[in-house]
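Written below as structure tokens is the structure these notes are about.
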């Protein structure tokens, strides 16, 4: 007869991903003629739980290479941007996020500048990124267990049967 045991373990109880588009602005003290290049580096992030909601907190640096003084000089400016993105997470049945849950955050698509323009001396950027989260929490696994065997089955060597199959006159 089989019976069941319940094992409490840690497992992924929820997942979610989100594509985020952020509009950023950078104002400089000098008149900008053109933006020559723009890239994102130093992206760091972590996940937290606030009121049973997963929030990704992070920051990145945007390097902007621009020309000024009638396109005769260039410079690079570095601006750090912080973000806080709430994430929707689809939880498995009968699972709940609590303060004991562990949050794993992955950058599915690193932040990159998809659009940049200069409007009235202000650099307007559009930064796109895609983040994924997994929630690790306690869950229960039910396993079928066979009948308990208290004793090992004993195997006997039967010396009487060893000689029965040998034909001693075979080689003659």
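The values are calculated or read from the model by the stated rules, or taken from the named source; none is laboratory data. Keep in mind that this is a model prediction, so the values were computed, not measured. Reconstructed Cβ throughout: ideal geometry from the backbone, glycine too, with neighbour counts over all protein chains shown.
Would a scan of the range 104-115 turn up a residue that is out of contact with any strand residue (DSSP E or B) (no Cβ under 9 Å at 6 or more places or on another chain) and within 23 Å of residue 33 (Cβ to Cβ)? No, there is no match, as no residue in the range 104-115 is out of contact with any strand residue (DSSP E or B) (no Cβ under 9 Å at 6 or more places or on another chain) and within 23 Å of residue 33 (Cβ to Cβ).
For the condition assigned to a loop (DSSP other than H, G, I, E, B), touching a residue at least 24 places away in the same chain (Cβ under 8 Å) and within 30 Å of residue 140 (Cα to Cα), residue 100 qualifies.
Among the conditions (1) more than 30 Å from residue 51 (Cα to Cα); (2) within 18 Å of the chain's Cα centre (by Cα), the only one that residue 109 does not satisfy is (1). Residues satisfying the criterion are present in the range 74-83 (criterion: touching a strand residue (DSSP E or B) at 6+ places or on another chain (Cβ under 8 Å), surrounded by 15 or more Cβ atoms within 10 Å (Cβ to Cβ), touching a residue at least 60 places away in the same chain (Cβ under 8 Å) and more than 14 Å from residue 134 (Cα to Cα)). If you filter the range 121-135 down to residues that are closer than 18 Å to residue 77 by Cα and surrounded by fewer than 21 Cβ atoms within 10 Å (Cβ to Cβ), you find that the one that is nearest to the chain's Cα centre (by Cα) is 126. In the range 125-165, the qualifying residues are those that are more than 28 Å from residue 104 (Cβ to Cβ) and part of a strand (DSSP E or B), and the one that is modelled with the highest pLDDT is 125.
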